[in-house]
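J.: I'd like to ask some things about the structure below.
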Amino acid sequence: MKATDTTIPIVGIDKKIPFKEKLLFSLTPGLGTFYLAMISTWLLFYYTDILKINDAFVGVMFVVVRVADAIITPIFGVYLDRQNTRWGKYKPWMLIIWAGMAVGGFLTFCPVNFGQLGNTIYATVTYIIYSIFISMNQAPTMGMTASMTKRQDDRMTISTQNFIWTVVFTLLVSAASLPLINLLGNGNQGDGFRNFMLIFMIIGIFLILVIVKVIKERFVFSSNENQKLNVKAIWDSLIKNKYAMIAVLINFSINIFNGVRSAIGIYYYKYFFNDTNMMVIVGTLSLVPMLIGVFFSSVITKKIGVKNNILLMVIITIVSSVAMFFIPATASGKITFYALYVLGGLF
């Protein structure tokens, strides 16, 4: 491995990297969480209730694009690992992808009036572009962590700050986005979504410009640079590794489940409980059990083992999720729903 710029002081092995660099870089997963949460929380509602697109078409589009994302992500990761540029290995891609994600997010939530067919075509094109950028963002971010520092304590600090920013942006979408959208739209939710995403497009592009300027690539593998991407070899190595296949399938299933549950949540609150304010309450409640679960996860894993912990998590998550279908639309039903949501979130 080599330093990409000989003028950069070699820190990260025996010397900590600057705190400012770690703090700014740790913002990137939070920003990614914001854009992903906007899709999972609001996009189905936005398409069907504001753009008036057929809900069956939207459901099929979501599934097809999710499957495409699952294929694109590992292929792009391998491609990126074999490339380098005069401006760096990861930083140029971070700039391109995050800027594309910010612009794509704005265009996706920008209401248009092209008629039924025109709105459907517009939504399809913008969502595909938006989703591709989101699926690609993890690869350069993860690679950048390894190229910035080799110190374990630096990486732990970045990881901790990542988690904090992820919680902050998750709370922003789940608890604060609806009031802000209503405020910015002055009663028109379509305008509210557009103005909300316009503000974050500007903020996101500004932040990524600052982040790319501050962070440094110090340690980059160079032995496999600029090699031809062999998609067949990647696929063959994946399907022959049963543990990798299990991990991919579990990850894909969890993402589909969480995406569907988040997307239909607004309808459940609006048409079953007749209370859209539940969206804010549930968003706030979801963070507390998540933080508790993260805190105790290592303790529980040491007690019962990784496999048993995963099995327990899956069983309780399924039971609590299914039980929600049998809750009555009453005041006591709301309390029961909150309790089940907290229980599921904890595990």
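J.: What number goes with the only condition from (1) in contact (Cβ under 8 Å) with a residue 60 or more places away in the chain; (2) within 28 Å of residue 83 (Cβ to Cβ); (3) surrounded by fewer than 21 Cβ atoms within 10 Å (Cβ to Cβ); (4) not charged (D, E, K, R) that residue 148 does not pass?
T.: Evaluating residue 148 over (1) in contact (Cβ under 8 Å) with a residue 60 or more places away in the chain; (2) within 28 Å of residue 83 (Cβ to Cβ); (3) surrounded by fewer than 21 Cβ atoms within 10 Å (Cβ to Cβ); (4) not charged (D, E, K, R) leaves (3) as the failure.
Condition check ((1) modelled with pLDDT of 90 or more; (2) under 20 Å from residue 207 (Cβ atoms)) across all residues:
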| residue | (1), (2) |
| --- | --- |
| 104 | yes, yes |
| 136 | no, yes |
| 149 | no, no |
| 153 | no, no |
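J.: When you check residue 74 against the structure, is it touching a strand residue (DSSP E or B) at 6+ places or on another chain (Cβ under 6 Å) and assigned to a helix (DSSP H, G or I), yes or no? Give the derivation first.
T.: Values: touching a strand residue (DSSP E or B) at 6+ places or on another chain (Cβ under 6 Å): no; assigned to a helix (DSSP H, G or I): yes.
It is false that residue 74 is touching a strand residue (DSSP E or B) at 6+ places or on another chain (Cβ under 6 Å) and assigned to a helix (DSSP H, G or I).
J.: Which of the residues belonging to segment 116-128 are out of contact with any Ser or Thr (no Cβ under 8 Å at 6 or more places or on another chain) and modelled with pLDDT of 90 or more?
T.: If the condition is that a residue be out of contact with any Ser or Thr (no Cβ under 8 Å at 6 or more places or on another chain) and modelled with pLDDT of 90 or more, then 117, 118, 119, 120, 121, 122, 124, 125, 128 are the ones that fit.
J.: Quick test for you: out of 298, 321, 237, pick the one residue that is of a type outside the set (A, V, I, L, M), assigned by TED's automatic domain parsing to the domain that holds residue 39 and either in a helix (DSSP H, G or I) or at pLDDT 80 or above (or both).
T.: 237
J.: Of all residues in segment 93-121, how many are of a type outside the set (Val, Ile, Thr), in contact (Cβ under 8 Å) with a residue 24 or more places away in the chain and not in a loop (DSSP other than H, G, I, E, B)?
T.: Total meeting the criteria: 13.
J.: A further question follows. Among 203, 181, which is β-branched (Val, Ile, Thr), farther than 29 Å from residue 20 by Cβ, over 17 Å from the mean Cα position of the chain (by Cα) and at pLDDT 90 or above? Working first, answer last.
T.: Values: 203 fails: farther than 29 Å from residue 20 by Cβ.
Answer to the selection: 181.
J.: Same structure, new question: Looking at (1) in a helix (DSSP H, G or I); (2) basic (Lys, Arg); (3) in contact (Cβ under 8 Å) with a residue 24 or more places away in the chain, which one does residue 155 not meet, given that it meets all the others?
T.: Status for residue 155: all satisfied but (3).
J.: Then there's this: For segment 338-347, what are the residues that are under 15 Å from residue 282 (Cβ atoms) and either more than 25 Å from the chain's Cα centre (by Cα) or not in a helix (DSSP H, G or I) (or both)? If you could, list the steps in order and put the result at the bottom.
T.: To start, the set of residues in segment 338-347 that are under 15 Å from residue 282 (Cβ atoms) comprises 338-346.
Hit for segment 338-347 is 339, nothing else.
J.: Identify all residues within segment 44-74 that are among the small types (Gly, Ala, Ser), closer than 18 Å to residue 265 by Cα and surrounded by 14 or more Cβ atoms within 10 Å (Cβ to Cβ); write none if there are none.
T.: 59
The values are calculated or read from the model by the stated rules, or taken from the named source; none is laboratory data. Here the structure is a predicted model, which means the values were calculated and not measured. Neighbour counts run over all protein chains shown; Cβ positions are idealised from the backbone, glycine included.
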